[in-house]
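S.K.: Okay, handing you the structure first.
All of the numbers you see were taken from the coordinates with simple rules; none came from a lab. These figures come from a predicted structure and were not determined experimentally. When we count neighbours, we look across all protein chains shown, and the Cβ atoms used for this are built from the backbone with ideal geometry, even at glycine.
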Amino acid sequence: MAAGDIRPLAGVQDFVATAPLNLVYVADLDRMSGGSAEDKAFYSATDTGFIAQNVYLYCASAVWPRWCADWSTAKRWAPPWG
C-alpha cells in the first residue's frame, strides 16, 4: 500500500483525482512462463482488455459512471510503489 492519495496518477483529466475508485490493471511479465516478449505483451494486453470490458459492462448495467483509458507506462506508477 502506498501512503497518501495517488488517484491523480491515474489520469490527466481533473475528475480522475476525485473519482471514488480507479482500477489499475498490472501485468507481471516475469511471471509469464514461455513465449517471447512480444507474446507476453500481446497476451497481457488481451487479458487486460477482457477484464476492463467486463468491469465496463457491469458498470453500465448498474448505471454507474464509467471510463476506460490506456496509461500503459510503468514509469507513471513506479514512484508510489518503488
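S.K.: Size of segment 26-70 along its principal axes in angstrom, Cα-based, largest extent first?
M.R.: Reported extents, whole Å, longest axis first: 41, 16, 13.
S.K.: At Tyr56 and Thr18, where each label point lies 7 Å from the Cα along Cα→Cβ, what is the point-to-point distance in nanometres?
M.R.: Result for the modelled spin labels: 2.5 nm.
S.K.: Quick one: net charge around Asp30, please, counting Lys, Arg +1 and Asp, Glu -1 for every other residue with C-beta under 15 Å from its C-beta.
M.R.: Around Asp30, the surrounding residues sum to 0.
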